[in-house]
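The values are calculated or read from the model by the stated rules, or taken from the named source; none is laboratory data. These figures come from a predicted structure and were not determined experimentally. Here the Cβ positions follow ideal geometry from the backbone for every residue, glycine too, while neighbour counts run over all protein chains shown. Heavy atoms of the whole protein, side chains included, go into the accessibility calculation; ligands, DNA and RNA do not. Shrake-Rupley method; radii C 1.70, N 1.55, O 1.52, S 1.80 Å.
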Amino acid sequence: MSEDALLSVRELRTTFRREGAEPLTAVDGVSFDVRRGQALAIVGESGSGKSVTMRSVMGILPRTARITGGQALFGGRDLLAIGDRELRKVRGREIAMVFQSAMEAMNPTLTLERQLTEHLLWHGICNKAEARKRAVRALGDVGIPDPEKRIRTYPFQLSGGMRQRAMIAMAMVTEPALLIADEPTTAVDVTVQRQILDLLAELKNRGTGVIMITHDLGVARYFCDDAVVMYAGRVVERAPMDRLLDDPRHPYSVGLLGSGVEVGGRDLPLRPIPGSPPDLSHRPEGCPFHPRCAQAELPRCATEQEILTIGPGRDAACWKVAVDA
Amino acid sequence: MGLAVYLGKRAVRLVLSLIAVSILTFTLLQLAPGNFADLQRVNSGATNFGGVGTESMVGELESRYGADVPVWKQYLIFMKGAVVWDFGPSYKYASRNVQDIISEAFPVSATLALLAVLLALLIAVPIGVFAALRQNTKTDHATMFAVTLGHALPSYLTAAFMILLFSATLKLLPSGGWNGPEDLILPVLALSLGPAAVLARYVRSSMLETLREEYVTAALAKGGPRRTVIIRHALRNSLIPLVTVAGPLLAALMTGTVFVEALLRIPGLGLYFANAAASRDMPLLMGTAMFFALILMVTNLVVDLIYGLLDPRIRTVGGGSHDGH
Amino acid sequence: MTATEGVEAVVGTMSTGEPEPIERGTTARGPWSRAWSRFRKHRLAFGSLIFCALLILTALAAPLIAPYGYEETDIQHKLAGPGAPGHLLGTDLLGRDILSRLIYGLQTALTVAFGAELTALVLALAIGLLAGYLGGRVESLLMAFTDVMYAFPSYLFAVVMVTVLGRSIFALVVAIGIASWVTQARLVRAQVMTLKEREYVEAARSMGAKGSTIAIRYILPNAIGPILVTTSFAIPAAIAAEAGLALLGLGVQPPTPSWGAMISEGSRYLLAAPHMLVAPAVLFALTLLAFTWIGDGVRDAFDPSGEQR
Amino acid sequence: MPDEMVRAESVTKVFRTRAGEVRAVDDVSLTVHRGETLGLVGESGSGKSTMARLMMGLQTPTSGRVEFDGQDLNKLPARELRMLRPRMQMVFQNPYGSLLPHFSAIGNVMEPLRLHERGDKESRRTKALELLDLVGINTGHAELYPRQFSGGQQQRIAIARALGLEPDLLVCDEPTSSLDVSIQAQILELFTDLRDRLGLSFLFISHNLAVVERLADRVAVMNKGQLVEESSTEDLFRAPQDDYTKQLLSAVLPIRQDSAL
């Protein structure tokens, strides 16, 4: 499975140090693969650990965080083992990142030019004049009109949609093999959302692998090929995107879909999951979802959880699903 | 809003504030007990005037100091002079005009204040950045402890400890006076510690705030070397608001050197002001108060302008949003 | 790894929903009880609180504790060093007991500081709340006035006030109080302005609450934390201001003792009698530090992330 | 009894900012009928939140009038407007921000009852406990403070508070958009349940078309301060007339394979 994978994450575990308390496990044994020219959705609600997972791979966690186990294989190297110096050469050059809000992810006091060219220079990809040319081209590619002029402006002088495009240009200017997009459309209006996704789809068609972190199942379905569902720091289900949405298996995935409202679904009954996601410092033993799960069977669900293969390219972290399959 | 309009508005506000300050001070001083001729007598050391001669003498003095006209007229006369830099003769230093005293004594205070602020910045910026980068470590706590000391002790108390140490015990430095460059050392050191503490605390928290910004993470995600990211993205943006603190500190120091001047017998403007108050030298008191208020206001205005220049967000809006305090 | 973020920051960036980390638990803990338990954990602040309580008791009971009156002279022992018979900290130029004068000086310092800060707080609260809450023309007027006062260096104003009112404790309270209310009024107003934008104020309006109810029952309790922080730092500042004015010869009328005057005197006889400077300077420094540490504790109690300045 | 609960008649709201005048709401007429749920849809900056505040009488329109049950809100003296408030209540986007942080959950729910002097302290307490129970908050947690609850629970408390005065009209401004999907579904269920049980009139504001479709009887669409379309929910989603509405609808990304679109 991982032979043609661009990035293979295996058993990743990340914890956060806390003052006067046990470390908090934010990511617990997460594994997945991303292939060239394909998009993987990491789906989950707040606190599910989806952002921390990707920040662990990128090595941009806060100081209080520690990666305590796992591998992230990329181009024959384990990103978690090569050290910050080597990782820095990958970061921004071979793996780039797009954030939720360009307003926050772009420095308000530096011009677009500075921000779109600085990493070309850091990585020694080209000289300053060439970098500027590439930056202008990148801005044009993402559909910003008059890029020659716009490159001299500051991020706050652009509209929300344009700013988001500029951030994508900033990520793409080094032509990375893998793009990590962290909720790239959450902060924009629906009418802009589609344009941003189409822009990213173009990159995908050119062979870039994409990991998209999202809580929006509609966005995931529109853009992604495969999906990983996370809950309380763990992967609960992994499946091709369409299969997940049309035939979810893990009780949490089922609940998530039952909670999602969509246009045209007025007469479908809502089936919300009762209760709220656990506080990571009080994560239930065994399957973290069992206290909210209608099908939970004690004591087994409260003591163990393992990931079982339930079909081609499909796994679920629920023994009951495997029994049914 | 154009810069010219903005400047014009600020200038009008400044003049109005100055007028308000002058009326306030003038009125208050009118309420002070005793007429100025009594004071004149006290100041000249005479004890038994009495008799007819005195009355004529008082009349003579009154007309010399322009006190024989109604109060409102006195105020107008004062303002008319003030506009052309003429505050009239001092009571206490009867042979000198107030403006000459200011011209002579202010450079002394200004030198002390400028040197102290420069020293404070030199101490504070590295300390603040250092503490921020090591947040919640022992180094950070120790640094912040030292900062609290600097913060809590007023300049004259620091100066007192310094003369105990450097003059009385080690006999390295003179314990006061104003004769040579070595007399600068104690007052500048003593004056700089308080501002250094304020600035260091500010730099630390501003730096912490900036380091938490998503654009710093984004810059790291682009593969920026840590040092470069810290300097170009974090430090730069966290030092911009420092102007708003350093400026008023400078202004406060320009007028706040008085205590150290008094303790170390330095002939600065502060000392004259204090003596003027103690000996009820109204023209000197009025003149210095107005001068100090002017200095404070101009400094604040300059700070706002510099702030606007440094931060493109404010620069384009026209600089009106920031108050500078 | 990036350098310097706390767990809160991560939770902040990861969460797409909840505004701040939820503190779950089954015991009800209001803002005040949380603040107090945080304050108690701040050892330096808690120790300082005890120390300052002792200082206040000493000042209240000065006549009982001080071995001599502050004017009493011992002609036999002028400029006696520390440890001289009957004079633990020595005597001054006139043979007055330094320890006794320090204790009475403490009385002066604390009376002036607390009086001044009370004055400042009342003025600041009234003006800040009115301006922040009423808005409109009242606010413009009050704030224009505050701005003028702000442009006036506070110690200059204090000096002018003492000149006008004379050298008494009352004059110092008024002078320092009036000189320091401006900063606080601006803070109160800023707080009120921030809180006024909070959704709960709009929610209260939509419930049909009156302006005065909103200002006093909803806004004030939430503004009080930051105000308390400023006030606790203002106390040592006022103590320093009293001593500073005394240093300039504008403090209380001698022979009533004041630490500033004692320091000023001490510095003049530095070489002959350094003990005259050492004792007041050290006690003064300790007092200021203790009050400042209390302020630190209060700040950490109300603003645990340490972000507000 | 007139059929109209609240009616806005060509209201315009202009805000003066440093950047110049902003027409947040531009000549909009909108009516919520008794017992119906009106959905108000728009993107950020469309003026929908301002419209909600105008209809609540929380802001004064620059021109036009708003009538609640036949009374012109902007002509009423402040005191009488306050007396009218119990009949119209509001639920906000950010539940934590809208609760009083220094009051416990039950204190928050009791506060409007206290303001309008409903019953004595004991009866207010009893009523508040009933309300908390109604919205699904464990009454054993009534003494906890807002920050000790999760976002979804905070929104439940805010709803309980809004219901305490037994309003005729409930205005909800993006009440689920700060919540996670699974929590959003719980709150939507709660709204549906409350509406059926209490017969409230609802003004429900959201940028989420699916949420509005599920709850509303009629839908109004705003864009750049103007009302661009208004019709029954069914018609609007089946056959949108306005270009902007069409654009909004076509931007929706379906989740299920068998979705109607």
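Note on C:280-287: average number of Cβ atoms from other chains within 10 Å of each residue's Cβ is 4.
Axis of helix A:128-141 versus longest Cα principal axis of chain A: the two differ by about 60°, to the nearest ten degrees.
Long hydrophobic helices in chain C, taken as whole DSSP H segments with a C-alpha length of 18 Å or more on their own axis and mean Kyte-Doolittle hydropathy at least 0.5: C:43-60, C:98-134, C:136-150, C:169-197, C:220-247, C:275-302.
Separation of region C:52-92 from region D:163-209 is 72 Å, based on Cα centroids. For peptide B:146-153, the mean count of partner chain Cβ atoms within 10 Å of a residue's Cβ comes to 5.
How do A:M162, C:M276 stack up against each other in accessible area, from largest to smallest, with a 1.4 angstrom probe?
Reading off the accessible areas and sorting them downward yields A:M162, C:M276.
Ordering C:Y70, B:L112, A:V210 by the projection of their Cα atoms onto the charge dipole of the protein assembly as shown, which places +1 on the Cβ of Lys and Arg and -1 on the Cβ of Asp and Glu, puts B:L112 at the extreme positive end.
In debye, nearest 20: dipole of region D:1-125 around its Cα centre with unit charges on the Cβ of K, R (+) and D, E (-)?
Numbers: 19 positive and 16 negative charges, 103 e Å.
About 500 debye.
Per the Cα gyration tensor, region B:159-272 maps to an equivalent ellipsoid with semi-axes of 41, 16, 10 Å, ordered largest to smallest. Here the Karplus curve 6.51 cos²θ - 1.76 cosθ + 1.60, taken at θ = phi - 60°, turns the phi angles of region B:75-88 into couplings of 4, 4, 4, 4, 5, 4, x, 4, 4, 9, 6, 9, 9, x Hz, with x standing for Gly and Pro.
Name the shape class, rounded, prolate or oblate, that the alpha-carbon gyration tensor gives for region A:182-242, where a ≥ b ≥ c are the square roots of its eigenvalues, rounded holds for a/c under 1.5, and otherwise prolate holds if a/b is larger than b/c and oblate otherwise. List each step's numbers first, then the result.
Numbers: a/c = 2.16, a/b = 1.38, b/c = 1.57.
Oblate.
Alpha-carbon geometry of region D:1-50: the Rg and the Dmax are 13.5, 45 Å, given in that order. Residue order by solvent-accessible surface for C:E72, A:E183 is C:E72, A:E183, largest first, with ligands and nucleic acids left out and a 1.4 Å probe. Residues whose amide H comes within less than 5 Å of that of A:A41, counting only those at least five positions distant or on another chain, are A:M212, A:D225, A:D226, A:A227, A:V228 (H built at 1.01 Å from N in the peptide plane). Here is the P(r) of region D:169-218: all C-alpha pair distances, binned every 10 Å from 0, give 24, 64, 12 in whole percents.
What is the dipole size for region D:176-261, taken about its Cα centre, with +1 at each Lys and Arg Cβ and -1 at each Asp and Glu Cβ, in debye to the nearest 20? List each step's numbers first, then the result.
On the way: 8 positive and 13 negative charges, 24 e Å.
Here region D:176-261 has a charge dipole of around 120 debye.
A straight line joining the Cα centroids of region A:105-160 and region B:162-229 runs 36 Å.
Within the set of other residues whose C-beta is less than 12 Å from the C-beta of A:G161, count the net charge using Lys and Arg as +1 and Asp and Glu as -1.
Numbers: positive: A:R163, A:R165, A:R194; negative: A:D189, D:E43.
Charge balance near A:G161 sits at +1.
A Gaussian network model of chain A, with springs between Cα atoms under 10 Å, assigns the largest mean-square fluctuation among A:H123, A:H215, A:H250 to A:H123.
Dipole orientation for region C:72-190: of the candidates C:L134, C:A175, C:G83, C:L134 has the Cα lying most toward the positive pole (charges on Cβ; Lys, Arg +1; Asp, Glu -1). Out of C:A237, C:A215, C:A272, any idea which swings most in a Gaussian network model of chain C, alpha carbons joined below 10 Å? The residue that fluctuates most here is C:A272. Based on C-alpha pairs under 8 angstrom that are at least 6 apart in sequence, chain A has a relative contact order of 20 percent.
For the set D:K48, C:K41, C:K196, solvent exposure ranked by accessible area (probe 1.4 Å, protein chains only) runs largest to smallest as C:K41, C:K196, D:K48.
FRET efficiency for the pair C:L118 and C:F46, taken as 1/(1 + (r/R0)^6) with r the Cβ-Cβ distance and R0 = 30 Å, rounds to 0.80. When the surface is traced with a 1.4 Å probe over the full set of protein chains, A:R10 keeps roughly 80 Å² accessible. Determine the relative contact order of region B:84-174: mean sequence separation of Cα pairs under 8 Å and six or more apart, normalised by residue count, in whole percent. Reported as a whole number, the value is 10 percent.
If you add up the charges near B:E261, with Lys and Arg at +1 and Asp and Glu at -1, over every other residue whose beta carbon is less than 14 angstrom from its beta carbon, what do you get?
On the way: positive: B:R265; negative: B:E104, B:D183.
Around B:E261, the charge tally is -1.
Listed highest first by mean packing, meaning other Cβ atoms within 10 Å per residue, what order do C:242-251, C:81-90, B:17-26 come in? Walk me through the numbers on the way to the answer.
Working: C:242-251: 26.8, C:81-90: 15.3, B:17-26: 18.1.
The packing order, highest mean first, is C:242-251, B:17-26, C:81-90.
Rounded, prolate or oblate: which one fits region A:224-325, using the alpha carbon gyration tensor with axes a ≥ b ≥ c (rounded when a/c is under 1.5, else prolate when a/b beats b/c, else oblate)? The shape class here is oblate.
Rounded to the nearest 0.05, what FRET efficiency do B:R313 and B:T169 have when you use their Cβ-Cβ distance and R0 = 35 Å? FRET efficiency, B:R313 to B:T169: 0.10.
Between region C:236-306 and region D:117-136, how far is it from one alpha carbon centroid to the other, in angstrom? Cα centres, region C:236-306 to region D:117-136: 55 Å.
Rounded to two decimals, what is the ratio between the C-alpha radius of gyration of the protein assembly as shown and 2.2 N^0.38 Å? Display every interim value, and only then the final one.
Values: Rg = 35.0 Å, N = 1220, 2.2 N^0.38 = 32.8 Å.
It is 1.07.
Between D and C, roughly 3100 Å² of accessible area is buried in total, ligands, DNA and RNA not counted and the probe set to 1.4 Å. Equivalent ellipsoid of chain C: semi-axes from √(5λ) of the C-alpha gyration tensor, largest first, are 44, 25, 16 Å. For B:L28, the accessible area of its heavy atoms, probed at 1.4 Å with every protein chain present, is near 30 square angstrom. Comparing D:S46, D:S201, D:S178 in a Gaussian network model of chain D, where Cα atoms under 10 Å apart are tied by springs, the biggest mean-square fluctuation is seen for D:S178.
What is the calculated FRET efficiency for A:R77 to A:N205, with r their C-beta to C-beta distance and R₀ = 30 Å, to the nearest 0.05? Plugging the Cβ-Cβ distance into 1/(1 + (r/R0)^6) gives 0.65.
Looking at A:G160, A:H119, A:I60, which one has the Cα that reaches farthest to the positive end of the dipole of chain A (charges on Cβ: Lys, Arg +1; Asp, Glu -1)? Positive-end residue among those listed: A:H119.
Dipole size of the protein assembly as shown about its Cα centre, with +1 on Lys/Arg Cβ and -1 on Asp/Glu Cβ: approximately 1920 debye, rounded to the nearest 20. Quick one: longest stretch of chain A between exposed loop GluC sites (Glu not before Pro), exposed meaning at most 14 other C-beta atoms within 10 Å and loop per DSSP? Result, exposed sites excluded: A:20-284.
Of the whole protein surface, C:F302 contributes about 70 Å² of accessible area at a 1.4 Å probe radius.
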